[in-house]
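Visitor: First the structure, then my questions, so here it is.
The values are calculated or read from the model by the stated rules, or taken from the named source; none is laboratory data. Since we're looking at a predicted model, the values are computed, not measured. Cβ: placed from backbone, ideal geometry, glycine included. Neighbour counts: every protein chain shown.
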Amino acid sequence: MNVLILGGDGYLGWPTAMHLTAHGHTVAVVDSYLRRSLCRQENVEPLVDVPNLHQRTALWESIAGHHIPVYIGDLTDWMFVTEVFRRFSPDSIVHYAEQPAAPYSMLNRKAALLTLRNNLETTANIIFAVNQFCPEAQIVKLGTMGEYGTPNIDIEEGWLNVEHKGRQQKFLFPRQAGSLYHTTKIMDTDLLWLYVRMWDLRVTDLMQGPVYGIFTTENRDHEQLYSFLNYDELFGTVLNRFIIQAAAAYPMTVYGKGGQTRGYLNIIDTLNCVRLSLENPAQKGELRIFNQFTETFSVSQLADRVQQVARTLGLAAEIARVDNPRKEAEDHYYKPEHTGLLELGLDPHYLTDDVLAEMIEFALKHKDKIKPEQIYRKIRWNPDGE
Ligand SMILES: NC(=O)c1ccc[n+]([C@@H]2O[C@H](COP(=O)([O-])OP(=O)(O)OC[C@H]3O[C@@H](n4cnc5c(N)ncnc54)[C@H](O)[C@@H]3O)[C@@H](O)[C@H]2O)c1
């Protein structure tokens, strides 16, 4: 397949590019470096410097022999989008190119509007470009389990059959997100569903849980090919943050009661889920939705697991219960389905003690680079400034 990866510089985009080329697909990557620029603006840097896309693609080509063209530009810019689609002619598009951080989206009005505009405009431009240049191509779009929120009923895989006054209809599963970022993902799904119905697009929307880890089959022996590992409260995801906090002897910041439960997955499984979705495409006129996670944990369970393993490595790994800066249920029912990707052949990589130990050891190796002042700035869900 000719796969265009949008957001190819990102935490997930770059490992996906290597993974798909290693599995025989032709890949090009597109990115505006928005994430790097927002991190710099907010003075939060990843643990280890990440070479730019031109440097990483050159290194990957020298190691594995796969050439990956790079397009640097902003996917909210229609002229740039048309140029990329004309030059690369994809038959598959993986759409990661969004502002992905819930806390950033809740930071202030400017961050909120950037998230709203960026995420909806990239999605809309991709829909229009596919319809204009490659209407048979499939779109694999990254959504989030956060679209569903934490309802008091079981979460189905995307859809719900509703019976009302003796009649029945299948609807998108009810969604109520807990941040503006997650709400933009709901809006993306609505946009895709509209144009699937109007223009017979072929779409898979992956409701992904928080991802952890940095090691993949392709990058394992090459630190220069690792992804961003952010450990700050804006761009770091929870397990990655706890690992670095444990390594830095910084008490793990469990928000509130710590009963917030979500579905998690190893970065290796993200790559496999995306590849399996591409290799088993949705039909024309189908919006196919998979819940993409392998295990559920509460925040307290994650902190306890990190603590147990960190202690075997001689670390204190204290846990601090801090006031919850977010507005969210801290104790709730959570039972999401996730069979679709398993049926496609996903072989999950679970969160074992070995997986945790390997990540903690990596963090310890780079302990001198951890900036404790970046870890927790108490960014609240109700900001009061621009
Ligand atoms: N990482 C997770 O735990 C997680 C969980 C659920 C869903 N997701 C979703 O997966 C996708 C990828 O997440 P990630 O963690 O790799 O995020 P990321 O920020 O590392 O990657 C996204 C990339 O897209 C680029 N981008 C954003 N807007 C762009 C634009 N207008 N033009 C060109 N490039 C643009 C960014 O510069 C960045 O490199 C996102 O859509 C995110 O919402 C991620």
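Visitor: Out of everything in region 126-149 that is buried (at least 22 other Cβ atoms within 10 Å of the Cβ) and in a loop (DSSP other than H, G, I, E, B), what residue ends up being farthest from the chain's Cα centre (by Cα)?
Guide: Ala137
Visitor: Mind listing just one residue for me: the one in region 340-386 that is aromatic (Phe, Trp, Tyr) and at pLDDT 95 or above and, of those, nearest to Leu234 (Cα to Cα)? Give the derivation first.
Guide: So in region 340-386, the residues aromatic (Phe, Trp, Tyr) come out as 350, 362, 376, 381.
With at pLDDT 95 or above added as a condition, the list becomes 350, 362.
Numbers: Tyr350: 25, Phe362: 21 Å.
Only one residue tops the list, namely Phe362.
Visitor: If you don't mind, there's one more thing I want to ask. Got a number for residues in region 125-150 being of a type outside the set (D, E, K, R) and more than 30 Å from Tyr333 (Cα to Cα)?
Guide: Number satisfying all stated conditions: 14.
Visitor: Does Arg197 count as charged (D, E, K, R), more than 14 Å from the ligand (Cβ to nearest atom), under 17 Å from Asn131 (Cα atoms) and touching a strand residue (DSSP E or B) at 6+ places or on another chain (Cβ under 7 Å)?
Guide: So Arg197 fails the test.
Visitor: Of the conditions (1) more than 22 Å from Asn382 (Cα to Cα); (2) touching a Lys or Arg at 6+ places or on another chain (Cβ under 8 Å); (3) surrounded by fewer than 24 Cβ atoms within 10 Å (Cβ to Cβ), Thr123 fails just one. Which one is it?
Guide: Unmet condition: (3).
Visitor: Which of the residues belonging to region 57-86 are more than 14 Å from Val27 (Cβ to Cβ) and more than 10 Å from the ligand (Cβ to nearest atom)?
Guide: Scanning region 57-86 gives Ala58, Leu59, Ser62, Ile63, Trp78, Met79, Thr82, Glu83, Phe85, Arg86.
Visitor: I've got another one for you. Taking region 92-119 only, how many residues are surrounded by fewer than 17 Cβ atoms within 10 Å (Cβ to Cβ) and more than 10 Å from the ligand (Cβ to nearest atom)?
Guide: Residues that pass the stated criteria total 4.
Visitor: Give me the pairs, please: first residue somewhere in region 266-294 and farther than 22 Å from Glu156 by Cβ, second residue anywhere and among the polar types (S, T, N, Q) and in a helix (DSSP H, G or I), beta-carbon distance under 7 Å, and either six or more positions apart or on two chains.
Guide: Listed pairs, sorted by first residue: Leu271/Thr16.
Visitor: Pull up region 151-177, narrow it to residues that are within 28 Å of Asp331 (Cβ to Cβ) and small (Gly, Ala, Ser), then point me to the one that is farthest from the chain's Cα centre (by Cα).
Guide: Residue satisfying both the conditions and the ranking: Gly158.
Visitor: From the list Thr270, Thr296, which residue is among the β-branched types (Val, Ile, Thr), assigned to a helix (DSSP H, G or I) and within 21 Å of the chain's Cα centre (by Cα)? Quick ask: steps written out before the conclusion?
Guide: Details: Thr296 fails: assigned to a helix (DSSP H, G or I).
Just a single option satisfies the conditions, and that option is Thr270.
Visitor: Give me a count of the residues in region 155-181 that are within 22 Å of Ile93 (Cβ to Cβ) and part of a strand (DSSP E or B).
Guide: Total meeting the criteria: 1.
Visitor: For Glu45, work out the one condition from (1) within 14 Å of the ligand (Cβ to nearest atom); (2) within 25 Å of Thr123 (Cα to Cα) it doesn't fulfil.
Guide: Here Glu45 meets the rest and fails (2).
Visitor: Just name the residue that is surrounded by the fewest Cβ atoms within 10 Å (Cβ to Cβ) out of those in region 183-235 that are without any contact (Cβ under 8 Å) to a residue 40 or more places away in the chain and more than 22 Å from Leu116 (Cβ to Cβ). Break it down into steps so the answer makes sense when it comes.
Guide: Quick first cut of region 183-235, residues without any contact (Cβ under 8 Å) to a residue 40 or more places away in the chain only: 183, 186, 190, 194, 198, 220-221.
Then keep just the ones that are more than 22 Å from Leu116 (Cβ to Cβ); that gives 198, 220-221.
Working: Met198: 11, Arg220: 11, Asp221: 9.
Filtering region 183-235 for residues that are without any contact (Cβ under 8 Å) to a residue 40 or more places away in the chain and more than 22 Å from Leu116 (Cβ to Cβ), the one surrounded by the fewest Cβ atoms within 10 Å (Cβ to Cβ) comes out as Asp221.
Visitor: Hey, can you tell me all the residues within region 8-22 that are free of Cβ contacts under 8 Å to residues at least 60 places away in the same chain and within 15 Å of the chain's Cα centre (by Cα)?
Guide: Asp9, Ala17
Visitor: Here are Asn152, Asn119: which of them is in contact (Cβ under 8 Å) with a residue 24 or more places away in the chain and part of a loop (DSSP other than H, G, I, E, B)?
Guide: Of the residues listed, the single one that is in contact (Cβ under 8 Å) with a residue 24 or more places away in the chain and part of a loop (DSSP other than H, G, I, E, B) is Asn152.
Visitor: Kindly indicate whether any position in region 56-70 is within 30 Å of Tyr255 (Cβ to Cβ), out of contact with any Asp or Glu (no Cβ under 9 Å at 6 or more places or on another chain) and surrounded by fewer than 23 Cβ atoms within 10 Å (Cβ to Cβ).
Guide: So far as region 56-70 goes, no, none of its residues is within 30 Å of Tyr255 (Cβ to Cβ), out of contact with any Asp or Glu (no Cβ under 9 Å at 6 or more places or on another chain) and surrounded by fewer than 23 Cβ atoms within 10 Å (Cβ to Cβ).
Visitor: Only one of Gly263, Gly259, Gly285, Gly345 is closer than 30 Å to Pro151 by Cα and under 19 Å from the mean Cα position of the chain (by Cα). Can you tell me which?
Guide: Of the residues listed, the single one that is closer than 30 Å to Pro151 by Cα and under 19 Å from the mean Cα position of the chain (by Cα) is Gly263.
Visitor: Filter region 139-154 for residues that are in contact with a helix residue (DSSP H, G or I) (Cβ under 7 Å, 6 or more places away or on another chain) and either at pLDDT below 95 or closer than 23 Å to Ser89 by Cβ (or both); which is farthest from the ligand (Cβ to nearest atom)? Steps first, please.
Guide: Applying the first criterion (in contact with a helix residue (DSSP H, G or I) (Cβ under 7 Å, 6 or more places away or on another chain)) to region 139-154 yields 139-141, 143-144, 146-147.
Those left that are additionally either at pLDDT below 95 or closer than 23 Å to Ser89 by Cβ (or both): 139-141.
Working: Ile139: 13, Val140: 11, Lys141: 8 Å.
The qualifying residue farthest from the ligand (Cβ to nearest atom) is Ile139.
Visitor: Given the conditions (1) over 17 Å from His67 (Cα atoms); (2) among the β-branched types (Val, Ile, Thr); (3) in contact with a Ser or Thr (Cβ under 7 Å, 6 or more places away or on another chain), and given that Val3 satisfies all but one, which numbered condition is not satisfied?
Guide: (1)
Visitor: Then there's this: Kindly evaluate Tyr350 against the criterion of being surrounded by fewer than 20 Cβ atoms within 10 Å (Cβ to Cβ) and under 19 Å from the mean Cα position of the chain (by Cα).
Guide: It is true that Tyr350 is surrounded by fewer than 20 Cβ atoms within 10 Å (Cβ to Cβ) and under 19 Å from the mean Cα position of the chain (by Cα).
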